[in-house]
Structure formats: structure tokens, C-alpha cells
1. Give, as a single signed number, the net charge of other residues whose beta carbon lies under 11 Å from the beta carbon of GLN686, with Lys and Arg counted +1 and Asp and Glu -1.
2. Picking from LEU569, THR157, ALA295, whose Cα lies most toward the positive end of the charge dipole for the chain (charges on Cβ: Lys, Arg +1; Asp, Glu -1)?
3. What list of ³J(HN,Hα) couplings, whole Hz, do you get for region 602-607 from phi and the Karplus terms 6.51, -1.76, 1.60, once you set θ to phi - 60° and write x for glycine and proline?
4. Just want the answer: with Cβ charges of +1 for Lys and Arg and -1 for Asp and Glu, which residue in PRO388, GLN355, PRO469 is farthest toward the dipole's positive end in region 344-499?
5. Treat every Asp and Glu Cβ in the chain as -1 and every Lys and Arg Cβ as +1, leave all other atoms uncharged, and give the resulting dipole magnitude about the Cα centre to the nearest 20 debye.
6. Which parts of region 679-709 would a label at GLU630 reach, counting a residue when its backbone N lies under 18 Å from a point 7 Å out along Cα-to-Cβ?
7. Do any of LYS460/LYS499; LYS499/LYS599; LYS108/LYS256; LYS508/LYS683 go past 21 Å between their Cα atoms, and which?
8. With bins 10 Å wide starting at 0, give me the P(r) of the chain over every alpha carbon pair, in whole percents.
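Just so it is clear, none of the values below were taken in a lab; they were calculated from the coordinates. Since the structure is predicted, the reported quantities are computational estimates derived from the model, not experimental observations. So basically every Cβ, Gly included, is an ideal-geometry build from the backbone, and we count neighbours across all protein chains shown.
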Amino acid sequence: MLNFAPIHFEDAEIIVGVAPYKDRDYLRSLRQQYSDTHLFHREKNQILSVAIASEAEVIGETSETVKLSDNLYLCASLVRNALINFLYGLNRRILEYNPIEFVANSAKDNLLAKVLPPFSLEAPDWLSICPRYIAAIRTVSFDHQPMSLGLALNARTKRWIELPCSSLIEQGISPIGFYVSQRVESSDRRMAPYPKLLGQVQSIAGNVLILTDARSDITSVQANEVFLEPRREAFNYCLDQLFREQATDIKESLDKELAAFRNGSNRLRRLRSVVQYLSDQSLELLPGIPFTIQAFLAESSDNFPAIHNAPAVTYVFAPTGEKTARWNDGGLSEYGPYTAQTFTPSTPRICIICQRTRKGRVEQFLYKFLNGVTVPELNKEGSLKRQPFAKGFIHKYALENVETKFFLADDNTAAAYDRAVRQALAHQTKEGFRWNLAFVQTDEVFHNLYGDENPYLTTKAAFLAEQIPVQEFEIETIDAPDRSLCYVLNIMALATYAKLGGIPWLIKANPTIAHELVFGLGSAFIGRGRLGQRERVVGITTVFSGDGNYRLSNLSQAVPVADYQDALLESLQDTISKVKRSMNWQPKDHVRLIFHAFKPLKNAEAEAVKKLMDELGDYDVDYAFIHVVEDHPFMLFDEAQQGVWDYETRTNTKGMFAPTRGLFLRLSRSEVLMSLTGAKEVKRPQDGIPSPLLLRLHRQSTFDDTTYLARQVYTFSCHSWRSFFPAPMPVTILYSELIARMLGQLGTVSRWNPNAMLGRIGETRWFL
């Protein structure tokens, strides 16, 4: 089932006004001035105007007759406008125009109110969690079918705290420590006021809130003019203050209600109900031109796109290629890692930085890490549960031994950690060797510390400057029971081996005639607070297939978003120079360049790539520029999937209605919808049904085999050495995001020198 409801409309010819497009401000002014009588639709360098009131005349320098079926994008604008008018007439709170976002805001829709009756309580009218619907009017052309119009409908939830801060204070609910926003009226009267985030409340002076991490021109606000930003922590704080001793139980009940909302079965039932309601209404594109919304497309529908499944991935555990498996952890346990015979050193030296008061617990934890954990527990069939980490790090990764030494921090400050790091570095100098890796014990609260105040960041910066990778572990983790800890240790061992320079496995690539390079672009926002100066940093990852296996190339690059085009071209040039020598490329050889990007590539960026390739050699080059989209309205449901076993709850409730991992279908010639998280990969029942990825091919792509490209994305999602679980993103994007985030965070440490990445460490998986 695809959450796409076809829209049928009476084909007709209409008169539209035509005027040149000047700029956004001009278009916005037209829409404001004629909001009740006209719809304005931009089409390239023109503005089309349509009279939506029966008595209105068209506006424009010229006019033309348009057949609706010949301009589905204009139809989409008309449908969008009609639905907004309809929802406005129902008194629904409309938050966004495109896609339409609206809230089911009646009292019966409040999920908080729903869980309170067993506690003999009622929800205040200013505190609620309501369904939020996202309705996108989209064109599709399934499997080379004619283009058609439809409604893609999804549902999430939205929290509301609708009492001014002055009134909250009167009720004993302090806003200190939380962010506040101001309500700003929309230029479109149909839209609800939107919240403008102002800053974080530092203190209260009478009716004035003193702000920190605020907009540059604001230091304080009147308490009666602002509202608490309704994030989860602020909402839960309100629950704590209102319901006191009952708050914990109420929050638990609310979490269960939200989990039920996210459940695939309930999600689909809710969406179908909305579509059915809309289909029963008399809706018009324009006066006298009706349209209807049909039911969601099911696989049994005549026009449903063909369903494809990516082939299973083959993991390779030996350079000879003879040791293979379809399960990464199973193959690793059976064969050992890919570099088992060549890995050095066989006895790596690891220093351990930990707080003095935690040394005993850390020793116990690391003993389990090195030597293994066995859990005598039965599975649901009654046999001994699989032991993922019985061998321990040493034996699972075919090492002879591991040498460790502790260096203790006197407390949890950055200064104390720095002293321990200096001792560790001095020790290696004195003894005449180099640490192969540093283990660093951290606290959960370190996540809230910035730059030089963060012991983990300062420690990591110091070790990386000495070309020593770092593996951290939180003190809160190490006390988990062995049945949970064994999985944590298993994943930590995987990342540790990769950071040491080992290759746990490679993935078999189907040979192609073309030499193929894949570049990944991922990004992260770096900055202190939420309203302070924040910078978007872009990471770059390269994958190539040369010997029949997918390999990762030079990784450690991260630059400000303004500079990423130059960095990408530099990376492209450097990688091709290296790979063409090692793989003996010849003139006229067929080369394929594939780009996975977090954003749509601009035409100028695609042209720059092509120009550089012309300069690098006489090759026959194909290009594929793919925007990997996470935020989109489409969902896939498999009603035959009734859930898989969850060991925590011991029920078959995880991943209900989730499609099979690797399933994909084409929405158009340039768009593929792909599921990278199946029922088995859903972590917890409360996570609900996972969202698919949308792969969108740029118009300047010369290689447009979307089946091949989708299968490759699936393959790369299995190639992460950060976890044995398949990743929800291909490593090209995932690793790039990790690189961007970590290098961006390290950039907040005063003594960090980015030139450290130019050394040997930059070629490793230090960021895992």
C-alpha cells in the first residue's frame, strides 16, 4: 500500500493571465493583494494567474487558454488551494501551505486527554498532543505511465503549550531553562500564527524574562507575550508540575498512546479515514470544475507501480574471495575479519582514560570487552540464545592479545582529562612506542558541554593530533546487565577494529565494464545553542569498486557549506588520480561517477564536475547525481507484515506493516521510493513504522538506470562498520554526516588543528 490517493478532476479549459516573474517579493505581494480572488502559480520565468472567484477577471500582461490535463502542476496548485479553503472552513488549524500541514485540534483528538480518565484527571485546554497531517499534492508517473495527480498523506503528532509564560508562572510553572517563542501572524489569513523562536529563559525579573542564546537583537521579553516552545522536555515539565506524584505514570501511559499512534496498522487506519472523509466531500478546483480524491493505491490496483527487491548482499571475509556470508556478524564469527591474516599489530597497545572513582567498574567492563560475555539465556524456542560476544574482542578479531594501561582523571572536568592525556602521551614517548588506540570513559552529561568545556572533545582532539584514534564509552552504559551489554560490546568491538585500521569485511560488487566511483555528501549543523552562530559543515566520503569489492577511499574531509563545491572537486581530482594509477585506467575507458548528496545539486555544480573530468583525461564518462531525501510525504505499508519478535517486550509487535527491507518502486523516471528499514531492523515497538528514503535523480544525470542505483544504495546501507544492523542510510551519506559532525565539533576546541587529518589518521575510520 502506497499512501498516495489519485485525484480525478473534470478536464476543462480555463483562461489564465500571464505575467513575467520578477522576484519572490513581487509574487508574494500579488498573493497578498488578491488572496481572496486569485491564485498565482509560478512556472519558470512566468506567473500564471487564475481567477478563483466567479466574478473576478484574470490578471496579467497577456492571457491564454490552458487545458487542465496539460498542466498538472497548475492543477496541483488549484487542488492545494481548494483543500486549504475546505480545511479553513472546518476551523482546522493550518500550519503550512506546501505541503499542507494541518492539525486535528478538537478536544477528542487530544492524546493527552485520552490517557487521563483512568487517573480521574482532565487535561487543561492549553496543553495537548494532537495528530498533525501532512498533505502533499504530487505528480507521479509510475513505470512510464502517463503523469497523474494525487494526494500523499502522512500523519505525525504535535505538542501544544498555549498558555502565555506569565500565566504559567502564576501556576508555578517556571520557564527558566526552556526556550520561548512569539506568535507571528501569517500573511495568509487561513494560516495559523507561526512561532518565532526568541531564546532561552535565563532568569525572571517581574514580568520580564531575561534571555540567553537569543536572537541577536533580543535580550529580554515580556512574559505575557511569549509561549514555551512545546518540545518534549518542556511538555513533560508541565506534566510534572501539574500532576506531581501521578506525572510519571501519566507520561508512561502517554508514551504508550504515542507508540500506538506510530504503529503501522493504526497509522494506515487513520490516514484511510481522512482520505475517505475527503472523498465524500464536494470539492472544486474552480467554480463549476469538481475533483474527487480516490482511495490509496494498493498493490492490486491496475496502475500500481512494479515492486522491486534489491538482491541480498554478499559479505566477503578474505582477500581470496572464497570466505563469504549473507550475514555480517555470522560470517565474522565463523571466518574472522577480512584482514585477519595481514592485520598489524597483532597485540595492539591501548591506553585507557577514565575517572579515578570509576576505575574498578571500567576494569570490569574492559575485561568483558577483551575476553567476552556469555549469557545463559533461552530464546522463545527454548534453545540457548545466540551468544554474539562470547569470544570477546581478542579472539573474535583474531588478535594475539591487547596491552592496556590506565591513566586516571581526578574528576570529570576537561582539565583533569587533559592531565591524564598528557600522562598517556608522555608514557609512549618515554617507552618509545605509539598507542594504537585510546579508550575514553565519558559521562552522559558531556553531551551538553561545548568546546573546551567538553572532556571528550578535548581528549579526542589531543589524541587525533598525535594520530591516535579514540573509542569512547559512557559510564552509564557499563552497568547494563550482560544480556544487553553483550550487544553493546559487540558493536563497540566492530568500531574499535575498524579504527585500529582493520577491515572487518568488504561487500562484493557485481563487476561492471565501467570504472565506478561513488561520492557521498553529508552535512551537520555545528554551533553553540540553537540561536547562536551555527554553521553547516559538509563531509565527503568516497567509495570505489576495483577488485570486485566495494572499498572506502580517502574519508576525512569536512568544510563549511559555502566551500563544499571546491572541496568536492578537489576530492574528485585526488581520488581519480590515485585510483586510475592503482587500477591502470586507460584512455577512452568507461568511467561512471555517482554522487549521493544530502541536498539537490545545483546545475552549476554538476557542470563543474563535468568540466573537471574533461580536464583529467580522455575518458568516456557517465554521471548520476542523486539527492537522498529523508523528509518527504510518502509511506509504504505491507498489511501482510503483522510484526516480528521483540526480545524486550517478548511479543510480535515490532515493525507492524513495515515493508521488507530493500523493497523499492519508481514514482517517476527520476524518483525511487526505497525501504531501508524493515520490520526486523526496527529497534523498538514504540518506533512504529519506518519511513522509506526517496532517491531523486538530477536532470543532468547521463546515467539513469534507477534500478541499478537503488540497488547500490541498498548495498551501501549494509556496509557500515558502526553497527551490525543495516543503516537507515547508505554509508556514503552516513559516514559523511559523521565526519562533518565530529570535525565540526572538534573545531570548537581551541587547540584543535584540522591539519591533523592530513596525517595517517585521516585515512582511517576514526569517526565511527
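1. Surrounding charge for GLN686 is 0.
2. Projecting each Cα onto the dipole axis, the largest value belongs to LEU569.
3. With the stated coefficients, region 602-607 comes to 6, 4, 5, 5, 4, 5 Hz.
4. PRO388
5. Magnitude of the dipole: close to 1700 debye.
6. 681-684, 687-696
7. Checking Cα-Cα distances, LYS499/LYS599; LYS508/LYS683 exceed 21 Å.
8. 2, 11, 18, 24, 23, 14, 6, 2, 0, 0
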